[in-house]
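Input: a single structure, listed below in structure tokens.
The values are calculated or read from the model by the stated rules, or taken from the named source; none is laboratory data. Note that the coordinates shown come from a computational prediction; the quantities given were computed from them, not determined experimentally. Note: ideal-geometry Cβ built from the backbone for every residue, glycine included; neighbour counts use all protein chains shown. Surface areas here come from the heavy atoms of the whole protein model, side chains and all, with no ligands, DNA or RNA. Shrake-Rupley method; radii C 1.70, N 1.55, O 1.52, S 1.80 Å.
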Amino acid sequence: NLNSAAIVSTGARSISGYVSVSPSTYTLSVASAGGQPGPSSNWGLGTAQNYSALAFERGNSSNLYLYTDNQSVSSTGFASLNVVNVSQDAGALDVYLVPHGTTSVTAYQPLFSQVLGASTATTVPTTVNWDIVVTLAGTPTDIRLTVPSPAFVSGDSYTLGLTPTIGGGLVDAILVAQGLTTAAFTPTAQARVRVWSALPESLADPVIVT
């Protein structure tokens, strides 16, 4: 909804086309069909700008994050990529681009660091079979999601959206090509386990769970 007028109706796990609106400041919210709108927020829309709104669920509430969708066209052999992390429970995240099948990212530098909200776009080669690996910021061993073999096309521009899960610290992903109505969705396939030890302090050995 944009100032209480529905601007587009989009099914779950789908992408709408662009619609034209007059540049101004608007109050935006999102709701399921026939449902009540979620929290609203004010956004300024500028002249000759493209925007995308990422709708996601946190808890039982529908939410919306608007970002500028104006990435430049990359040269041949490269694609443009930026990240939008709307998972407040996961917090700031690092995003790695590593060769497909890489099991540890500790030897690599993140392509995007400390992302919470929208990042700045960068270019990635399209001639390599990559994996996208998302970790807790500054902790490359704490993997929150892996997106295997994203299909980057030379000259296209992409946004990786990271959205909350029921588990809080983990994230789901949506990879969207700028200007297109197709996307790749990657739900998390992980579970997280921790151990509380209430054993007597006289037991000096650490608790090992197998």
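Listed here are the strands (runs of 3 or more DSSP E) enclosed by segment 121-198 that have at least 3 residues being within 17 Å of Gly101 (Cβ to Cβ) and under 17 Å from the mean Cα position of the chain (by Cα): 130-136, 139-148.
Residues are listed down the side, and each one gets a yes or a no for (1) closer than 28 Å to Arg58 by Cβ; (2) touching a strand residue (DSSP E or B) at 6+ places or on another chain (Cβ under 8 Å):
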{"site": "Asn70", "(1), (2)": "yes, no"}
{"site": "Gly101", "(1), (2)": "no, yes"}
{"site": "Ala107", "(1), (2)": "no, no"}
{"site": "Pro140", "(1), (2)": "yes, yes"}
{"site": "Pro164", "(1), (2)": "yes, yes"}
{"site": "Val176", "(1), (2)": "yes, yes"}
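Would you mention how many residues in segment 99-126 are under 30 Å from Leu64 (Cα atoms) and open to solvent by less than 50 Å² (accessible area, probe 1.4 Å)? Explain how you work it out, then say what you get.
Just the residues of segment 99-126 that are under 30 Å from Leu64 (Cα atoms), to begin with: 110-124.
So of that shortlist, the ones also open to solvent by less than 50 Å² (accessible area, probe 1.4 Å) come out as 110, 112, 115, 117, 119, 121-122, 124.
Number satisfying all stated conditions: 8.
Only one residue in Ala184, Ala191, Ala137, Ala173 is among the small types (Gly, Ala, Ser) and open to solvent by 60 Å² or more (accessible area, probe 1.4 Å), so which one is that? Being among the small types (Gly, Ala, Ser) and open to solvent by 60 Å² or more (accessible area, probe 1.4 Å) holds for just one of Ala184, Ala191, Ala137, Ala173, which is Ala191.
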